[in-house]
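The values are calculated or read from the model by the stated rules, or taken from the named source; none is laboratory data. It should be emphasised that the depicted structure is a prediction, and the values quoted were computed from it without experimental measurement. Using ideal geometry, Cβ is built from the backbone for each residue, glycine included, and neighbour counts are taken over all protein chains shown. The protein model used for the area step is the full one, side chains on, heavy atoms only, and it has no ligands, DNA or RNA in it. Shrake-Rupley method; radii C 1.70, N 1.55, O 1.52, S 1.80 Å.
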Amino acid sequence: IVLSEAHALDPVQNLTLSVSAPAQSVLRDAASPIDDIYAGIADRGDLVRENEDLRAQVEALKTQVAAQQDAEQRILELEAALEVKQSRPDDQFLAVNVIAEEPSKLKWMVAIDRGIGDGLDEGMVVLSRSGSLVGTIARAYDDYAWVRLLTDSDSAVNAEVPATAPPGASPTTGAAATPVPGESTAPPAGQTQLTTVRGVAEGTLGSTLLLDLLPPEVTIDTGSLVLTSGLGGNYPAGLLIGSVTEVEQRPQSPFKRATLDPAADLANLETALVLLSFTPARLTPP
């Protein structure tokens, strides 16, 4: 210790360092990759933790965006329902959500999240959030119900559609009109008249909506709107069913038939309105 403090050993230390320096350099170079590996492992752990934090932040942001989109969609649905309510101020509606579809695809039905406990009953009319006809409640349970859509093969709705008829035809059926004494109701000779004809809108196995039993002598244009006629008492009059896409004249049949495009988007139905204030004839006691 005394010699070291007096720097008497400096020549020995310098000689030792000179001799060992090349070996230390070789060992340091050989150990450098291993040191890099350990440093990389440590850095990877930090990166993994950072990635996990970023994923959590991204998931939280996605959740916020989804909640915002859901809120915006709900606002649009409520606004649409409000418009329906304003257009039918005397009617009472119950907003429902679609929670399931008929899995077999043999029936065009959807389940809703309201049931008998909410005042629903079988046969009640169901509308889209825009007010067009969706179908009727086929089966009701305490907390949910099944809705039969218009396109189901067991669905049939009395409907009416504007048409042009030859002179002398009835304004509702296409049959000969009864003249009023002293009044001429027929248009000038050779001219047709605007009229309304009735038929039955029926679903099919292929999810197509058909308007059948139309008078053969009338002309129906594609794009014409089809409404409920109110006949039979199971549907209120004036509900929009859909529009005509094709008219078929069958030589072997006494009636015309038209293909309809439903006004409601039945394939992507998420919310609906049950018409509580209308009592269908099928629910009316004898």
Fraction of accessible area attributable to carbon and sulfur, the stretch 110-172 (%, probe 1.4 Å): 43 percent
D53 paired with L225, simple spin-label distance in nm, labels 7 Å along Cα-to-beta-carbon: 5.9 nm
Theoretical gain in end-to-end length, T259 to D121 [0.36 nm per residue, Cα-Cα removed]: 46.6 nm
Point-charge dipole on Cβ atoms (K/R +1, D/E -1) for the stretch 230-283, about Cα centre, debye to 20: 340 debye
Separation in nanometres of the label points that stand 7 Å from Cα toward Cβ, at S207 and S130: 1.8 nm
Length gained when the stretch T164-R282 is fully extended (0.36 nm per residue, less Cα-Cα span): 39.2 nm
Of all accessible heavy-atom area on the stretch 186-273, the percent that carbon and sulfur account for (1.4 Å): 52 percent
Exposure ranking of R250, R139, R55 by accessible area [1.4 Å probe, largest first]: R55, R139, R250
